[in-house]
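Chemist: Shown below is the structure under consideration.
Where a number appears in this text, it was derived from the coordinates with a stated rule and is not lab data. Keep in mind it's a predicted model, so treat the numbers as computed, not measured. A quick note on method: Cβ atoms are made from the backbone with ideal geometry, for glycine too, and the neighbour counts reach across all protein chains shown.
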Amino acid sequence: MLIARAVPRLPPFLHLGPDQIGAIVFSVVTVAGLAVYIYYLRRPRPDEVERQRRLFLATRGRITDAMLVDTGLERRPVPSETELPQSVLRYQYKVAGVGYECSQDISPLAEHVRHVRMDLPIQVRYDPHNPANSIVVAESWSGLRLGADQRE
């Protein structure tokens, strides 16, 4: 005896041709790719990269002694309309017998750097895997010796 089975019918919107299916797949892949690009490959601004570097070194960097070579604080340049005044600290230090001379732009950290004493040693935080990557001041840490009117 033959048993008749009822074959379910598909709704009309599921009867798509191959070119329609290809267009839908292409659209979904394009939107997903664009979302991944925007989410993962967004490039941070240079000031954000520098802030992240300072944060990394302030929390995980090793500390060594250094000497200030030049503060550049006394002769702040007069800025033009397009450039901001820059204050740069130049300092020297040694790690494993190798001497380094580096500088740090302290313009965004001006409230943390006033009345710097040149006659005393300072502390530097550096990356042990790349000792040339170093800082003397960050938002949460300072290796500078400040004058008496700045101590709290």
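Chemist: What order do you get for 103-112, 37-46 when each peptide is scored by the mean count of other beta carbon atoms within 10 Å, highest first?
Modeler: Highest to lowest by the protection proxy: 103-112, 37-46.
Chemist: Can you work out the Karplus-derived ³J(HN,Hα) for every residue in the range 35-42? Use 6.51 cos²θ - 1.76 cosθ + 1.60 with θ = phi - 60°, whole Hz, and x for glycine or proline.
Modeler: Rounded to whole hertz, the list is 5, 5, 4, 5, 6, 9, 9, 5.
Chemist: May I ask you to sort 54, 90, 114 by Cβ crowding, counting other Cβ atoms within 10 Å and putting the fewest first?
Modeler: 114, 90, 54
Chemist: So for the pair residue 45, residue 107, with labels modelled 7 Å out along Cα→Cβ, what separation do we get in nm?
Modeler: Output for this residue pair reads 1.3 nm.
Chemist: Oh, and also: Label point 7 Å out from residue 139 along Cα-to-Cβ: which residues of the range 27-56 have amide N under 18 Å?
Modeler: What the label zone holds, given the 18 Å backbone N cut-off, is 44-56.
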